[in-house]
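The values are calculated or read from the model by the stated rules, or taken from the named source; none is laboratory data. What you are looking at is a predicted structure, and each value in this text was computed from that prediction instead of being measured. Note: ideal-geometry Cβ built from the backbone for every residue, glycine included; neighbour counts use all protein chains shown. The area values use the complete protein model at the heavy-atom level, side chains included, leaving out ligands, DNA and RNA. Shrake-Rupley method; radii C 1.70, N 1.55, O 1.52, S 1.80 Å.
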Amino acid sequence: MDWTDRRKRFRAVLAGGRCVHPGSVYDPLSARIAEDLGFEVGMFAGSVASLAVLGAPDLIVLTLSEFADQAYRINRAGNLPLLVDADHGYGNALNVKRTVEELETAGVAALTIEDTVLPRPYGEDKPALVSIDEGVGKMNAALAGRQDPGLVVVGRTSALAVTSVEDTIARARAYAAAGVDAMFLVGARTRAQIEAVSAAITIPLILGGVGPELTDLDWLAAHDVRISLQGHQPIMAAVQAVHDTLKALRAGTPPAKLANIASSDLMKRVTRDADYARWTKEFLGVG
């Protein structure tokens, strides 16, 4: 498949003057819904992938192939530019290169590589970061693994939450110098933090896990933030809906009386029923 257009649209978001919220997606149907509702980009997080594929918490037990396969299913279902959380690249810098190759083939528009020590080592009760030199090695490997120049490679750090603003700036500058297209900051809480990092680098910012000071999209846009995550409520809402529906059925509620069930029209839209009906008529002579 040709992934060029969606990668161009993602780069246009980074190059633009607005800050947008991505749609958190986890499978083909959720991605289609986000696209139909007008989200400029989608976000497929590692934690969400672990839930959707394994039913497991975010402990880095998902494999690269499992993650890439689900990303491909999401991408082939529509045209939403997809940002994915590739965690630590599933290993060292050599694994990072392989990770980029696989995710580029899966059709993602952008991916993040972070500098957190993952999975958490034995006996460590707090997150830790790799050295800046190792982080730069991972960014260099990610860029070397990229074959399509349209693919966006994003450096990611949790230094704001783990170490300091000064360390965050040092890492951001080093990763920017390596050539990443944007910086993803986890754990930002104050405007002062964003002002400091934004002033120190020239590449755009992406935020995840922000504090209450950082909800004004216009302010964020003015400080080079182009994408700001809101969390991953859709998959949690889906879990609750399935739980409630099954609980009601188990308790004897007639199917016709269940609440919050997707209408026939909505199901037809998200399954692209009209397209399949047209193809059935055209290719099978039926209908």
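In region 7-26, what residues are in contact with a helix residue (DSSP H, G or I) (Cβ under 6 Å, 6 or more places away or on another chain) and within 19 Å of Ala77 (Cα to Cα)?
Gly23, Ser24, Val25, Tyr26
Can you tell which of Ala199, Ala192 is open to solvent by 60 Å² or more (accessible area, probe 1.4 Å), closer than 27 Å to Pro149 by Cα and of a type in the set (Gly, Ala, Ser)? Talk me through it step by step, then tell me what you get.
Details: Ala192 fails: closer than 27 Å to Pro149 by Cα.
Residue meeting the stated conditions: Ala199.
Test Thr202 against the criterion of being over 25 Å from Phe39 (Cα atoms) and of a type in the set (S, T, N, Q), and give yes or no. Outline the logic, then answer.
On the way: over 25 Å from Phe39 (Cα atoms): yes; of a type in the set (S, T, N, Q): yes.
So Thr202 fits the description; yes.
Looking at region 259-287, which of the residues that are touching a helix residue (DSSP H, G or I) at 6+ places or on another chain (Cβ under 6 Å) and farther than 22 Å from Ser24 by Cα is modelled with the highest pLDDT? Explain how you work it out, then say what you get.
From region 259-287, those touching a helix residue (DSSP H, G or I) at 6+ places or on another chain (Cβ under 6 Å) are 270, 286-287; that's our starting set.
Still in the list and also farther than 22 Å from Ser24 by Cα: 286-287.
Numbers: Val286: 91, Gly287: 78.
It comes out as Val286.
Is it true that Ala142 is in contact with a Phe, Trp or Tyr (Cβ under 6 Å, 6 or more places away or on another chain), open to solvent by less than 10 Å² (accessible area, probe 1.4 Å) and at pLDDT 95 or above? It would help to see each step written out before you state the result.
Details: in contact with a Phe, Trp or Tyr (Cβ under 6 Å, 6 or more places away or on another chain): no; open to solvent by less than 10 Å² (accessible area, probe 1.4 Å): yes; at pLDDT 95 or above: yes.
Taking the combined requirement at face value, the residue does not satisfy it.
Do we find that Val210 is part of a loop (DSSP other than H, G, I, E, B), touching a strand residue (DSSP E or B) at 6+ places or on another chain (Cβ under 9 Å) and either without any contact (Cβ under 8 Å) to a residue 24 or more places away in the chain or open to solvent by less than 10 Å² (accessible area, probe 1.4 Å) (or both) in this structure?
Details: part of a loop (DSSP other than H, G, I, E, B): yes; touching a strand residue (DSSP E or B) at 6+ places or on another chain (Cβ under 9 Å): yes; either without any contact (Cβ under 8 Å) to a residue 24 or more places away in the chain or open to solvent by less than 10 Å² (accessible area, probe 1.4 Å) (or both): yes.
Criteria met by Val210.
Is it the case that Ile227 is under 27 Å from Gly17 (Cβ atoms), in contact with a Cys (Cβ under 9 Å, 6 or more places away or on another chain), at pLDDT 95 or above and open to solvent by less than 60 Å² (accessible area, probe 1.4 Å)?
On the way: under 27 Å from Gly17 (Cβ atoms): yes; in contact with a Cys (Cβ under 9 Å, 6 or more places away or on another chain): yes; at pLDDT 95 or above: yes; open to solvent by less than 60 Å² (accessible area, probe 1.4 Å): yes.
Yes, satisfied.
Go through Ala71, Ala12, Ala110 for me and flag whichever is open to solvent by less than 20 Å² (accessible area, probe 1.4 Å), free of Cβ contacts under 8 Å to residues at least 60 places away in the same chain and among the hydrophobic types (A, V, I, L, M, F, W, C).
On the way: Ala12 fails: open to solvent by less than 20 Å² (accessible area, probe 1.4 Å); Ala110 fails: free of Cβ contacts under 8 Å to residues at least 60 places away in the same chain.
Going through Ala71, Ala12, Ala110 in turn, the sole match is Ala71.
Kindly indicate the residue of region 145-169 that is touching a Lys or Arg at 6+ places or on another chain (Cβ under 9 Å) and of a type in the set (Gly, Ala, Ser) and also surrounded by the most Cβ atoms within 10 Å (Cβ to Cβ) among those meeting that condition.
So, considering only residues that are touching a Lys or Arg at 6+ places or on another chain (Cβ under 9 Å) and of a type in the set (Gly, Ala, Ser), the one surrounded by the most Cβ atoms within 10 Å (Cβ to Cβ) is Gly155.
Answer yes if at least one residue in region 178-197 is in contact with a strand residue (DSSP E or B) (Cβ under 7 Å, 6 or more places away or on another chain), part of a helix (DSSP H, G or I) and in contact (Cβ under 8 Å) with a residue 40 or more places away in the chain, and no otherwise.
So far as region 178-197 goes, no, none of its residues is in contact with a strand residue (DSSP E or B) (Cβ under 7 Å, 6 or more places away or on another chain), part of a helix (DSSP H, G or I) and in contact (Cβ under 8 Å) with a residue 40 or more places away in the chain.
Whether any residue in region 215-238 is of a type in the set (Asp, Glu), assigned to a helix (DSSP H, G or I) and free of Cβ contacts under 8 Å to residues at least 40 places away in the same chain is what I want to check. Spell out the reasoning first.
Here is the first cut: in region 215-238, the ones of a type in the set (Asp, Glu) are 216, 218, 224.
Now drop any that are not assigned to a helix (DSSP H, G or I), which leaves 218.
Cutting the leftovers down to free of Cβ contacts under 8 Å to residues at least 40 places away in the same chain gives us none.
Checked region 215-238: no residue is of a type in the set (Asp, Glu), assigned to a helix (DSSP H, G or I) and free of Cβ contacts under 8 Å to residues at least 40 places away in the same chain.
Please name all residue pairs, on different chains or six or more residues apart, with Cβ atoms under 9 Å, provided the first residue is in region 144-157 and is more than 13 Å from Val180 (Cβ to Cβ) and in contact (Cβ under 8 Å) with a residue 40 or more places away in the chain and the second residue is of a type in the set (A, V, I, L, M) and assigned to a helix (DSSP H, G or I).
Gln147/Val100
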